[in-house]
Amino acid sequence: MITIRLKPGRERALNNRHPWIFSGAIADVEGQALPGQVVRVAGSRGDGLAVGYHNPNSQIAVRILSWDPEAQIDGAFLRLALERAIARRRTLPGLARTNARRLVNAESDGLPGLIVDQYGEWVVLQSLTAGIDRLKDDLAHLLMELLQPAGVFERSDADVRPREGLAPAVGSLLGAIPPDTVMLEENGRSFAVDLVNGHKTGFYLDQRDSRVRVAAYCQDATVLNVFSYTGGFGVYAATAGAAHVVNLDSSAEVLALAERNMALNHVSADRAESIVGDAFAVLRTMRDQARRFDLIVLDPPKFAFSRAQLNSALRGYKDINLQALHLLRPGGILATFSCSGAVDESLFQKVVFEAALDAGRDVQVLERLSQASDHPILLSFPEAQYLKGLICRVG
Ligand code: SAH
């Protein structure tokens, strides 16, 4: 195995069990490691510390797979890691009433760069790194053996792949190809999900627990679901007793699936409405029309892909929250989210506060939300937390 030696004083992150080594921490690479190749990591004096995979094309030069410097990354190693991740989901209370779950959440499950989601009889694998790309066929066979799905489908088209020097890869790895839509059951609701072309691996599984929390405020409410995608929050709101639900998204295609999902859950057409348009513009138009809502969900796409985009992202979050606050009746509920990793919880709360000041509304935080429990955050890897939300009452 090739050994990568760290610069003096650069072992600290590893001592804290942080699974990333940045390129600037490396003193030398003994031999030539190909992108994704498994390497041993040694301290500055040559003492073995860990085993990981290397990518000379990435700023994150090594991701740790094992803290045992003698570990072999073979089929038995991968099988054990997958078995452990799968077993951890078996007892999660949030997963008791769903057939779709995240089985492997990358670094937080000890398998950096690997996402595995299960939707009923289908498994979707997402590789984010060159290291996982090299292992993905072995991983697909192991998943087939452990879970016996109808197929293992690859959705390696996430936005982070170019940073690893990787092109998107989408297609079947093993078994059958999923049909146009697959049925997902979640907390008594049904959703048609497009695993091949949908966002992420098809559905925002990370918002499962938040959908439950938000639904609890929806009885008799007039609800505006902004950035609705295929209607996740909208379906929960309607089935929890909302009087009227508007799903708003810039994509007509996802709204068509949202309408199908509302119908699947027996929400009559007179209680549901779809609006195609740019949320920033549509919310302004609604203000001009004096439209009012009892509850607004704001679940925008990632605005900040890096720290460089932080300021413009914050302006975006502030503006959309401000526009929503203008549309809420006194006593109304704002459920507002950010999935930008670069915006942490306290910064996000500050942005909502600034929007509240500008809107001249008093806002109370009732609940703080995070990603669902099958997307755990390893304490030694706080970067795993990207999703945060606030349920607020607006005075
Ligand atoms: N709340 C959803 C996930 C939202 S994903 C769920 O729980 O399933 C973000 C959505 O925002 C995507 O569907 C995307 O099409 C939409 N979107 C992106 N930019 C937009 C804009 N400017 N106006 C309206 N919708 C937008």
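Of L387, L369, L378, L347, which residue is surrounded by fewer than 18 Cβ atoms within 10 Å (Cβ to Cβ) and not polar (S, T, N, Q)? Lay out the reasoning, then the answer.
Details: L387 fails: surrounded by fewer than 18 Cβ atoms within 10 Å (Cβ to Cβ); L369 fails: surrounded by fewer than 18 Cβ atoms within 10 Å (Cβ to Cβ); L378 fails: surrounded by fewer than 18 Cβ atoms within 10 Å (Cβ to Cβ).
Only one candidate qualifies: L347.
Answer yes or no: is there a residue in segment 291-300 that is at pLDDT 95 or above, under 20 Å from D159 (Cβ atoms) and open to solvent by 10 Å² or more (accessible area, probe 1.4 Å). Write out each step before concluding.
Step one: filter segment 291-300 for residues at pLDDT 95 or above, giving 291-300.
Next cut, under 20 Å from D159 (Cβ atoms) only: 299-300.
Within this subset, residues satisfying the condition of being open to solvent by 10 Å² or more (accessible area, probe 1.4 Å) are 299.
Checking segment 291-300: at least one residue is at pLDDT 95 or above, under 20 Å from D159 (Cβ atoms) and open to solvent by 10 Å² or more (accessible area, probe 1.4 Å).
Say whether the condition of being at pLDDT 95 or above and farther than 22 Å from A258 by Cα is met by at least one residue in segment 217-236. Don't jump to the end; show me each part of the working.
Here is the first cut: in segment 217-236, the ones at pLDDT 95 or above are 217-236.
Those left that are additionally farther than 22 Å from A258 by Cα: none.
The answer is no, given that none of the residues of segment 217-236 is at pLDDT 95 or above and farther than 22 Å from A258 by Cα.
How many residues does segment 15-73 contain that are among the basic types (K, R) and either in contact (Cβ under 8 Å) with a residue 40 or more places away in the chain or open to solvent by less than 50 Å² (accessible area, probe 1.4 Å) (or both)? Don't jump to the end; show me each part of the working.
First pass over segment 15-73, keeping only residues among the basic types (K, R): 17, 40, 45, 63.
With the extra rule that they be either in contact (Cβ under 8 Å) with a residue 40 or more places away in the chain or open to solvent by less than 50 Å² (accessible area, probe 1.4 Å) (or both), the set shrinks to 17, 63.
Counting residues in segment 15-73 that are among the basic types (K, R) and either in contact (Cβ under 8 Å) with a residue 40 or more places away in the chain or open to solvent by less than 50 Å² (accessible area, probe 1.4 Å) (or both) gives 2.
Residue pairs, Cβ under 7 Å, 6 or more apart or interchain, first in segment 75-101 and under 18 Å from G113 (Cβ atoms), second charged (D, E, K, R) and open to solvent by less than 50 Å² (accessible area, probe 1.4 Å). List them.
As it stands, the answer is A85/D109, since those pairs meet every condition given.
Tally time: how many residues in segment 258-279 are open to solvent by 70 Å² or more (accessible area, probe 1.4 Å) and within 10 Å of the ligand (Cβ to nearest atom)? Don't jump to the end; show me each part of the working.
First, pick out the residues of segment 258-279 that are open to solvent by 70 Å² or more (accessible area, probe 1.4 Å): 259-260, 266, 269-270, 276, 278.
Keeping just the survivors that are within 10 Å of the ligand (Cβ to nearest atom) gives 276, 278.
Going through segment 258-279 one residue at a time, the tally reaches 2.
I'd like the residue in segment 125-142 that is touching a helix residue (DSSP H, G or I) at 6+ places or on another chain (Cβ under 7 Å) and assigned to a helix (DSSP H, G or I) and, out of all such residues, is most open to solvent (accessible area, probe 1.4 Å).
D138
Would a scan of segment 150-157 turn up a residue that is among the basic types (K, R) and in a helix (DSSP H, G or I)? First the steps, then the outcome.
Step one: of segment 150-157, the residues among the basic types (K, R) are 155.
Filter once more, so that each one left must be in a helix (DSSP H, G or I): none.
Within segment 150-157 (the criterion being among the basic types (K, R) and in a helix (DSSP H, G or I)), the answer is no, since none of the residues qualifies.
Given the criteria part of a loop (DSSP other than H, G, I, E, B) and crowded, with 20+ Cβ neighbours inside 10 Å, does S228 qualify? Step through it out loud before you land on a result.
On the way: part of a loop (DSSP other than H, G, I, E, B): yes; crowded, with 20+ Cβ neighbours inside 10 Å: yes.
When the stated conditions are applied, S228 passes them.
Mind counting the residues in segment 175-187 that are free of Cβ contacts under 8 Å to residues at least 40 places away in the same chain and buried (at least 18 other Cβ atoms within 10 Å of the Cβ)?
Residues of segment 175-187 free of Cβ contacts under 8 Å to residues at least 40 places away in the same chain: 175-177, 179-180.
Add one more test, that the residue is buried (at least 18 other Cβ atoms within 10 Å of the Cβ), and what stays is 175.
Within segment 175-187, residues that are free of Cβ contacts under 8 Å to residues at least 40 places away in the same chain and buried (at least 18 other Cβ atoms within 10 Å of the Cβ) number 1.
Within segment 196-218, track down each residue that is more than 10 Å from the ligand (Cβ to nearest atom), assigned to a helix (DSSP H, G or I) and among the small types (G, A, S).
The answer is A215, and nothing else.
Each row is one residue, and each column tells you yes or no for (1) charged (D, E, K, R); (2) within 18 Å of the chain's Cα centre (by Cα); (3) surrounded by 23 or more Cβ atoms within 10 Å (Cβ to Cβ).
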residue: R189; (1), (2), (3): yes, no, no
residue: A192; (1), (2), (3): no, no, no
residue: L195; (1), (2), (3): no, yes, yes
residue: H199; (1), (2), (3): no, yes, no
residue: F203; (1), (2), (3): no, yes, yes
residue: R208; (1), (2), (3): yes, yes, yes
residue: Y217; (1), (2), (3): no, no, no
residue: A221; (1), (2), (3): no, no, no
residue: G234; (1), (2), (3): no, no, yes
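Applying the selection to segment 287-313, what residues are within 13 Å of the ligand (Cβ to nearest atom) and in contact with a Leu (Cβ under 9 Å, 6 or more places away or on another chain)?
Once the filter is applied, which keeps residues that are within 13 Å of the ligand (Cβ to nearest atom) and in contact with a Leu (Cβ under 9 Å, 6 or more places away or on another chain), segment 287-313 yields I296, V297, L298, F303.
Give me the residue from segment 241-257 that is part of a strand (DSSP E or B) and under 25 Å from the mean Cα position of the chain (by Cα) and, out of that set, nearest to the ligand (Cβ to nearest atom).
Kept after step one, since they are part of a strand (DSSP E or B), are these residues of segment 241-257: 244-249.
Of the ones still in play, those that are also under 25 Å from the mean Cα position of the chain (by Cα) are 245-249.
Numbers: V245: 13, V246: 12, N247: 9, L248: 6, D249: 5 Å.
Only one residue fits best here, namely D249.
The values are calculated or read from the model by the stated rules, or taken from the named source; none is laboratory data. Here the structure is a predicted model, which is why all the values come from computation and not from measurement. Because the Cβ atoms are built from the backbone with ideal geometry, glycine has one as well, and the counts that use them run over all protein chains shown. All accessible areas refer to the heavy atoms of the entire protein, side chains included, with ligands and DNA or RNA removed. Shrake-Rupley method; radii C 1.70, N 1.55, O 1.52, S 1.80 Å.
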